[in-house]
Every structure is written in C-alpha cells, then in structure tokens.
1. For the range 243-253, does any single residue satisfy the condition of being surrounded by fewer than 16 Cβ atoms within 10 Å (Cβ to Cβ) and touching a Cys at 6+ places or on another chain (Cβ under 9 Å)?
2. Can you find, within the range 113-128, the residue that is farthest from the ligand (Cβ to nearest atom) among those that are more than 22 Å from residue 25 (Cβ to Cβ) and surrounded by 14 or more Cβ atoms within 10 Å (Cβ to Cβ)?
3. Is there a residue being touching a residue at least 12 places away in the same chain (Cβ under 8 Å), part of a helix (DSSP H, G or I), touching a helix residue (DSSP H, G or I) at 6+ places or on another chain (Cβ under 9 Å) and surrounded by 19 or more Cβ atoms within 10 Å (Cβ to Cβ) anywhere in the range 181-192?
4. Starting from residues that are within 13 Å of the chain's Cα centre (by Cα) and within 10 Å of the ligand (Cβ to nearest atom), keep the ones in the range 91-112 and report whichever is surrounded by the fewest Cβ atoms within 10 Å (Cβ to Cβ).
5. For residues that are away from the ligand (no atom under 12 Å from the Cβ) and in contact (Cβ under 8 Å) with a residue 12 or more places away in the chain, tally how many sit in the range 131-156.
6. Can you tell me how many residues in the range 1-21 are among the hydroxyl-bearing types (Ser, Thr, Tyr) and within 16 Å of residue 238 (Cα to Cα)?
7. What are the pairs with Cβ atoms under 8 angstrom where one residue, in the range 213-227, is under 16 Å from residue 202 (Cα atoms) and in contact (Cβ under 8 Å) with a residue 12 or more places away in the chain and the other, located anywhere, is within 16 Å of the ligand (Cβ to nearest atom) and part of a strand (DSSP E or B)? Sequence gap at least six, or different chains.
8. Against the condition among the polar types (S, T, N, Q) and surrounded by fewer than 20 Cβ atoms within 10 Å (Cβ to Cβ), how does residue 22 come out, does it pass?
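We did not get these values from a lab; they are worked out from the coordinates using the rules stated. Please read all numbers here as calculations on a predicted model, not as lab measurements. Here the Cβ positions follow ideal geometry from the backbone for every residue, glycine too, while neighbour counts run over all protein chains shown.
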Amino acid sequence: MMTASTAFFSKFSLAGQVALVTGSARGLGLCMARALAGCGAHVLVNGRQTGAVDAAVAAMKAEGMAASALSFDVTDDAASQAAFARLDAEFGRLDILVNNVGMRLRKTLAAATAAEIRELLEVDLVAGMLLSKRAAERMVRQQYGRLITVTSVLGEVTRAGDALYPAAKQGLTGMMRALATEYARHGITSNAIAPGTFVTETNVAMAADPQIGPAVGARNPMGRWGQPEEIATAAVFLASPASSFVNGHVLVVDGGLSVQM
Ligand SMILES: NC(=O)c1ccc[n+]([C@@H]2O[C@H](COP(=O)([O-])OP(=O)(O)OC[C@H]3O[C@@H](n4cnc5c(N)ncnc54)[C@H](OP(=O)(O)O)[C@@H]3O)[C@@H](O)[C@H]2O)c1
C-alpha cells in the first residue's frame, strides 16, 4: 500500500532511468554514480582507463546495483559520438547526464602557455558543451531529462593567481543557465553542482601535506575538507523527480566556504 511517506520518497527514486556520469571511475564521479545507482538508475560509468572503469562497474554490480562501462575520453569527439551510438543501441534513452570530468590547473594567466589554456578549455568547457548537446538531443526526443553540470566554487567566484580553471568553470555555469532556459519546456532541467574542497585522488597529496592540508580545512567554516560521499545526495536530488521545479540553479556543496568574507 502506498502511504504518504512512500509516495514522498518515491520522488527520489530513479528506477527505470539511465544515467551517464562522466569521469566516474573514482572521486566525486564514482560517489555520484553509486548514489544514482543506489536510487535505482542504470548507471553508465565513464573514464579513459578501461580497467578502472570495469573495476568500478564490477564493484557496483557486486552490491546489486545496475551499472555498465562506457569508457571514452570526453575530449575525443569521435569516441564520444561512438559511445552515444552504443548507448542508443543498448538503452534507447538517456535520462540523466552528470557532466563531471574536469581538470585542475593552478596558474596565473601570465604563466600559462597557449597550449595549457587550450587543453584546459577543451577538457573543462568544450567537452562538457558537446556532451550536453548530445544528451539534450536525446532528452528532447523523450521530453524528459536532467542535465547536471559539475562546476566548482570557482565557477562562482575567483581569486588572484588562478585564472584558467575559473574561466572554464564559469563558462560551464553560463552554459548550464542557457540550457535551463532553452529546454525547460521539453521537460528537461539543467542545474549545476559546485563542489568546494574534497579529498579525492586529485587532492590527496595536497590534503596530506602538513602545511597545506590542515590550512585548507581550517579556512572552511566547518573546519574541514569535504568527504566525496557528501556530494552524492546533491546529485540524487538534482537527478530525481524531487527537483522538478529546480532549474538553472547552482547547488553549492562547500561547507559554507564561498559565502564567508
Ligand atoms: N575534488 C575537489 O575538491 C573538487 C572541487 C571543485 C570542483 N571539482 C570538480 O569535480 C569534478 C570531479 O573532480 P574529482 O576530484 O572527483 O576528479 P578526479 O578524482 O580527478 O576523477 C577524475 C575522473 O575523471 C576521469 N577522467 C579524467 N579525464 C577524463 C577524460 N578526458 N575523459 C573521461 N574521463 C576522464 C578519470 O579517469 P581516467 O583518468 O581513467 O580517465 C576519473 O575517473 C571535476 O569537474 C572537478 O573540477 C572537484
């Protein structure tokens, strides 16, 4: 029997839905992939190293989750098109895209080479735009979809000496907002998750550094780094029917880091 409580929680169910989470063999992507699968979605796990992707899929399946590998480099447009063709053939739909791949380069504009600027924009901005375009095409056909773009607190604010990454992430924020207005009438929402500082593989060395690690934690109002699992509930909310009227929003998950002076 459906009670008021089960009807409410069913809004967070992703049963029958297909989700692609880019860069989900480890880090925040893996946590989000596992959370979406835990809520019933069939999740396509992505990364460049097929071994790591296959291992993540095997671990999820061993826990009873529905997952498959969709390994490709998001900056390789031919590989991305081929992957979407495989997705079409196998599932015939895509309900959720979590655009999660991102590369971090801490540099002043003065110190950056043209090649570094181009590479960062390719990975952090152009790939996300092409994947969103491809996903939206399918979501328009379905008249349903959830586009989720992983930005950063630096998708909202900036700081001296760090000109490249915020430029790309703020570009993604702009794309996310434009898509929110463009596709809303097709049953598609477009939102962003802006993480603060999380202890993922990318940041392990920084977090373990006795000078930097505790200092980064201390400057957060919560006095600590985020744990990767703490991003997962934000992804479930934005991916689920529970967020049906949330569109064009940046859900900042940073412990309050970006609102303090
Ligand atoms: N961690 C943080 O504190 C933090 C803070 C703010 C924002 N973010 C954002 O959150 C997202 C995830 O960060 P993370 O720290 O979890 O990353 P991560 O630990 O470095 O995870 C990266 C994942 O992406 C895959 N990947 C990297 N380049 C790829 C490519 N070109 N094509 C396909 N897959 C690729 C990696 O697998 P392969 O190497 O096998 O390809 C891996 O599975 C990024 O957009 C990042 O900018 C993170």
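1. No, the conditions are met nowhere in the range 243-253.
2. Only one residue fits best here, namely 117.
3. For the range 181-192, residues touching a residue at least 12 places away in the same chain (Cβ under 8 Å), part of a helix (DSSP H, G or I), touching a helix residue (DSSP H, G or I) at 6+ places or on another chain (Cβ under 9 Å) and surrounded by 19 or more Cβ atoms within 10 Å (Cβ to Cβ): present.
4. Filtering first and then ranking leaves 103.
5. Count: 13.
6. Matching residues across the range 1-21 total 2.
7. Close Cβ pairs satisfying both conditions: 225/198; 226/195; 226/198; 226/253; 227/198.
8. When the stated conditions are applied, residue 22 does not pass them.
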